[in-house]
Amino acid sequence: MQYPFRRQPLKAAYLTYQVLTTLLLRIPLWVLLAIPRPLRPRASWSVKRTVFVNFVRHFLNISARSGPVIILPNHLAITPGENVNGVWLDPAPQLVTGKLQTWMHATSVTPSRIPGYWIHRKGSTIEVAAAPKPGEKVLYNLHGGAYIRLSAHPSDVTANIPRGIVEHVASIQRAFSLEYRLSSHKPFTVAHPFPAALLDALAGYSYLINVVGFAPADIILAGDSAGGNLAHALTRYLVEHQASDNSIPALPGGLILLSPWCDLSPSHEGPGSSSVQFISSDYIHPTEGGGDYAKEAFLGPLGLGAAGRNPYISPASKDPSMQIDFKGFPRTFIVAGGAEVLYDQIVTLKDRMAKDLGDQLTYYEAKDGIHDYLVFRWHEPERTDTMKAIAKWVDTL
Ligand SMILES: *[C@@H]1O[C@H](CO)[C@@H](O)[C@H](O)[C@H]1NC(C)=O
């Protein structure tokens, strides 16, 4: 059963038990077991990284039993705070056409008003939502969290990505992070399956162009994990429609996919795959940690089967029914961690994109990196090295 301890007072009792046993037993044990280097998942890892990865994995495992442990901001409100620059976005139903319209009707999802947050480089004097300066690029950021958790709010752990990019990339002084709608499913309220987040991503793109005034070519679209899935889907939508429909905006100047979740079908699972081999070196677990719930929630009325054959949902799916190409995509930068469970599907995506894009596709792999390692400030030196590589790549656009 999913989320067996979601109800009070069971939830409080379960979480108290987990806090105590984690502090008193698990963490000391993880430290002890990580002291001999051969026992660490990767020889290059520090004790600290080994323990942190165990901790994140355990935390996700607990959350998949208790439900949300921390209440995070969501699309229903702008959560205020120091240096929090939230804005409301209008929905963009006028940009919905073709298959997206069909999926919208099939799932009863409708466009919605949602917030987004501006994250500026430290010391920047640019005003919130100000018109672009000459030569200025903007990061349009879509956060990760399996489409079911986390937030675009600057207090969220995923905000380390836009913050890192505005800090490292000279031409990007600010990022806009979209608070797209998250999916949820039984035993919680069933809400916002695909294509809700895609409708939101389209509205965010339209906001940057039509309200703030950025030229599409000056927008760098980025997403980590599920945010990478969404960034790909938005790009695919623009690629497929902007030539034939002049109300659809042009493509962004670049696309950055960080540990993208790009196969929601089981086509990359099985013995010998990274989804089995790298369980010990990653915090994502194929069966524990809420992954199945996330797929059900996100796929909603389209059903789990849609994952294998829908190019917007699983661009890396190896299902025989999948027909896909990447012709017309903008220049793309893909990041993978060599120790992550999603490694194989990211390599499939990279190979497919390279086939159509040639040298317009740049691939960066951190040999011993975990899933979405740019989110974690303790994942050095890979985090800074990757930020520098992204900065170099943006300079060439
Ligand atoms: C998740 O928690 C369950 C129950 O406490 C345990 O049996 C299982 O081994 C854990 N899985 C992981 C990957 O930690």
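The values are calculated or read from the model by the stated rules, or taken from the named source; none is laboratory data. Keep in mind that what you see is a predicted model, and the values were worked out from it rather than measured. Neighbour counts run over all protein chains shown; Cβ positions are idealised from the backbone, glycine included.
Looking only at region 45-78, count how many residues are within 21 Å of Gly338 (Cβ to Cβ), free of Cβ contacts under 8 Å to residues at least 24 places away in the same chain and not hydroxyl-bearing (Ser, Thr, Tyr).
1
Quick check, is Pro115 more than 16 Å from the ligand (Cβ to nearest atom) and either in a loop (DSSP other than H, G, I, E, B) or not assigned by TED's automatic domain parsing to the domain that holds Val375 (or both)?
Values: more than 16 Å from the ligand (Cβ to nearest atom): yes; either in a loop (DSSP other than H, G, I, E, B) or not assigned by TED's automatic domain parsing to the domain that holds Val375 (or both): no.
The answer is no for Pro115.
Can you find a residue that is without any contact (Cβ under 8 Å) to a residue 24 or more places away in the chain and touching a strand residue (DSSP E or B) at 6+ places or on another chain (Cβ under 9 Å) anywhere in region 133-148?
At the first step, the residues of region 133-148 found to be without any contact (Cβ under 8 Å) to a residue 24 or more places away in the chain are 133-134.
In the following step, the residues that additionally are touching a strand residue (DSSP E or B) at 6+ places or on another chain (Cβ under 9 Å) were identified as 133.
Scanning region 133-148 turns up at least one residue that is without any contact (Cβ under 8 Å) to a residue 24 or more places away in the chain and touching a strand residue (DSSP E or B) at 6+ places or on another chain (Cβ under 9 Å).
Kindly indicate whether Gly144 is in a strand (DSSP E or B), modelled with pLDDT of 95 or more, more than 15 Å from Ile219 (Cα to Cα) and in the same structural domain as Leu234 (by TED's automatic domain parsing).
no
Can you report the number of residues in region 85-109 which are under 23 Å from Ile148 (Cβ atoms) and either among the aliphatic types (A, V, I, L, M) or more than 22 Å from the chain's Cα centre (by Cα) (or both)?
The qualifying residues number 7.
Condition (residue is within 20 Å of Asp368 (Cα to Cα), surrounded by 14 or more Cβ atoms within 10 Å (Cβ to Cβ) and touching a helix residue (DSSP H, G or I) at 6+ places or on another chain (Cβ under 9 Å)) applied to region 1-13: is it met by at least one residue?
Checked region 1-13: no residue is within 20 Å of Asp368 (Cα to Cα), surrounded by 14 or more Cβ atoms within 10 Å (Cβ to Cβ) and touching a helix residue (DSSP H, G or I) at 6+ places or on another chain (Cβ under 9 Å).
Looking for something modelled with pLDDT of 95 or more, closer than 16 Å to Phe298 by Cα and aromatic (Phe, Trp, Tyr) - is there at least one such residue anywhere in region 243-264? Lay out the reasoning, then the answer.
So in region 243-264, the residues modelled with pLDDT of 95 or more come out as 248-264.
Imposing the further condition that a residue be closer than 16 Å to Phe298 by Cα reduces the set to 260-264.
Then drop every residue that is not aromatic (Phe, Trp, Tyr), which leaves 261.
Among the residues of region 243-264, at least one is modelled with pLDDT of 95 or more, closer than 16 Å to Phe298 by Cα and aromatic (Phe, Trp, Tyr), which makes the answer yes.
Within region 290-304, identify whether any single residue is within 16 Å of the ligand (Cβ to nearest atom), modelled with pLDDT under 95, surrounded by fewer than 23 Cβ atoms within 10 Å (Cβ to Cβ) and outside any helix (DSSP H, G or I), and answer yes or no.
yes
Scan region 307-336 residue by residue and report those that are assigned to a helix (DSSP H, G or I) and either surrounded by fewer than 19 Cβ atoms within 10 Å (Cβ to Cβ) or not assigned by TED's automatic domain parsing to the domain that holds Gln360 (or both).
Narrowing region 307-336 to residues assigned to a helix (DSSP H, G or I): 307-309.
Once the filter is applied, which keeps residues that are assigned to a helix (DSSP H, G or I) and either surrounded by fewer than 19 Cβ atoms within 10 Å (Cβ to Cβ) or not assigned by TED's automatic domain parsing to the domain that holds Gln360 (or both), region 307-336 yields only Arg309.
Criterion first (in a loop (DSSP other than H, G, I, E, B), closer than 26 Å to Thr97 by Cβ and more than 11 Å from the chain's Cα centre (by Cα)) does Pro193 satisfy it?
Criteria met by Pro193.
For region 252-285: of the residues being within 17 Å of the chain's Cα centre (by Cα) and either within 16 Å of the ligand (Cβ to nearest atom) or in a helix (DSSP H, G or I) (or both), which is surrounded by the fewest Cβ atoms within 10 Å (Cβ to Cβ)?
Going through the qualifying residues, I end up with His285.
Across region 293-305, what is the total count of residues that are in contact with a helix residue (DSSP H, G or I) (Cβ under 9 Å, 6 or more places away or on another chain) and in contact (Cβ under 8 Å) with a residue 60 or more places away in the chain?
The qualifying residues number 7.
Name every residue in region 34-88 that is within 16 Å of the ligand (Cβ to nearest atom) and at positive phi, in order of residue number.
Initial filter on region 34-88 (within 16 Å of the ligand (Cβ to nearest atom)): 34, 41, 50-67, 69.
Gly67, the sole residue that qualifies.
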